[in-house]
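Following: one structure in structure tokens, then a few remarks.
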Amino acid sequence: MKDIISIKNLSVSFKNEKIIQNLSFGIKGGEKIAITGASGKGKTTLLNIMAGFIPEYEGEIFILNKKLNYQNIKYIRQNISWLPQETVIDFEKVNDLLFAPFKFTNNCKQEPNNTIIENIFDKFDLSTDLLQKKTSEISGGQKQRIMLASVLLLKKKILLLDEPTSALDEKLKQKITDYILSQKITILTSTHYKYWMQKSDKILSL
């Protein structure tokens, strides 16, 4: 099977300091990759590069057989979901938070109905009653699970996640991990959570 993601001799620097140096690897469709390493080793940087948010780097990146560049970034982003660890939540209502990605033209056809929402909320141990609340009235863990549900409902071919269980208590972490990694898509995750690493197909240590 041909690699769905291919990175060749990737190097990136900030303020003359090498964050990533000569990194090469390939990922097949459907593989689950855990990206690990100490703080400052480039985990989030790598995900941001693949999402097209950091254009200054050396080397080559191919995603879905397209070279990551200005000409192809629209096509690549149409096939990627990306959830950073730190997000600016400026939505007053939880309902708006969940549906925010579906307001874009490329995603509107994937907008879920009530049955689909109820099903995924059940998987994430959430009540749909939360949708009627203000974002200021729910916990950080609930916000994280709602955003995870939202990016999964987009049904993209590739999912990029940065520390997706950081705000969850231990009781929920394994349940959420098992559900996300059961999806038949390619997933790259920056994580320190050992269970996530154990359940992944490969570990990329930076």
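The values are calculated or read from the model by the stated rules, or taken from the named source; none is laboratory data. Just so it is clear, the model here is predicted, and its values are computed rather than measured. Cβ coordinates were reconstructed from backbone atoms using ideal geometry, including for glycine residues, and neighbour counts include every protein chain displayed.
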Subject >> Total residues in the stretch 177-192, condition surrounded by 21 or more Cβ atoms within 10 Å (Cβ to Cβ) and either touching a Pro at 6+ places or on another chain (Cβ under 9 Å) or over 20 Å from residue 4 (Cα atoms) (or both) >> reply: 5
**OP:** Go through the stretch 133-149 and give me each residue that's without any contact (Cβ under 8 Å) to a residue 60 or more places away in the chain, part of a helix (DSSP H, G or I) and either in contact with a helix residue (DSSP H, G or I) (Cβ under 7 Å, 6 or more places away or on another chain) or surrounded by 14 or more Cβ atoms within 10 Å (Cβ to Cβ) (or both).
**Re:** 135, 141, 142, 143, 144, 145, 146, 149
Original post:
What number of residues within the stretch 1-50 satisfy the criterion of being assigned to a strand (DSSP E or B), surrounded by 13 or more Cβ atoms within 10 Å (Cβ to Cβ) and small (Gly, Ala, Ser)?
Top reply: 5
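Report yes if some residue within the stretch 154-171 is part of a helix (DSSP H, G or I) and either closer than 26 Å to residue 101 by Cα or among the small types (Gly, Ala, Ser) (or both); otherwise report no. Before you say what the answer is, go through the steps one by one.
We begin by selecting, within the stretch 154-171, every residue part of a helix (DSSP H, G or I); these are 170-171.
After this cut, where a residue has to be either closer than 26 Å to residue 101 by Cα or among the small types (Gly, Ala, Ser) (or both) as well, the list is none.
There is no residue in the stretch 154-171 that is part of a helix (DSSP H, G or I) and either closer than 26 Å to residue 101 by Cα or among the small types (Gly, Ala, Ser) (or both).
Residues are listed down the side, and each one gets a yes or a no for (1) modelled with pLDDT under 95; (2) out of contact with any Leu (no Cβ under 7 Å at 6 or more places or on another chain); (3) not polar (S, T, N, Q):
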{"residue": "19", "(1), (2), (3)": "yes, yes, yes"}
{"residue": "31", "(1), (2), (3)": "no, yes, yes"}
{"residue": "40", "(1), (2), (3)": "yes, yes, yes"}
{"residue": "55", "(1), (2), (3)": "yes, yes, yes"}
{"residue": "61", "(1), (2), (3)": "no, no, yes"}
{"residue": "67", "(1), (2), (3)": "no, yes, yes"}
{"residue": "70", "(1), (2), (3)": "yes, yes, yes"}
{"residue": "77", "(1), (2), (3)": "yes, yes, yes"}
Subject >> Tabulated pairs, the stretch 38-56, first touching a residue at least 12 places away in the same chain (Cβ under 8 Å) and farther than 17 Å from residue 27 by Cα, second hydroxyl-bearing (Ser, Thr, Tyr) and assigned to a helix (DSSP H, G or I), C-beta under 8 angstrom, 6+ apart or interchain >> reply: 54/45
Original post:
Do the conditions hold for residue 169, that is, is it modelled with pLDDT of 95 or more, surrounded by fewer than 16 Cβ atoms within 10 Å (Cβ to Cβ), over 17 Å from residue 122 (Cβ atoms) and not aromatic (Phe, Trp, Tyr)?
Top reply: no
**OP:** Among the candidates 116, 120, 76, single out the residue that is β-branched (Val, Ile, Thr), part of a helix (DSSP H, G or I), without any contact (Cβ under 8 Å) to a residue 40 or more places away in the chain and loosely packed, with under 15 Cβ neighbours inside 10 Å.
**Re:** 116
Original post:
Could you list, in sequence order, the residues of the stretch 79-104 that are within 16 Å of the chain's Cα centre (by Cα) and either assigned to a strand (DSSP E or B) or loosely packed, with under 12 Cβ neighbours inside 10 Å (or both)?
Top reply: 80, 81, 82, 83, 86, 88
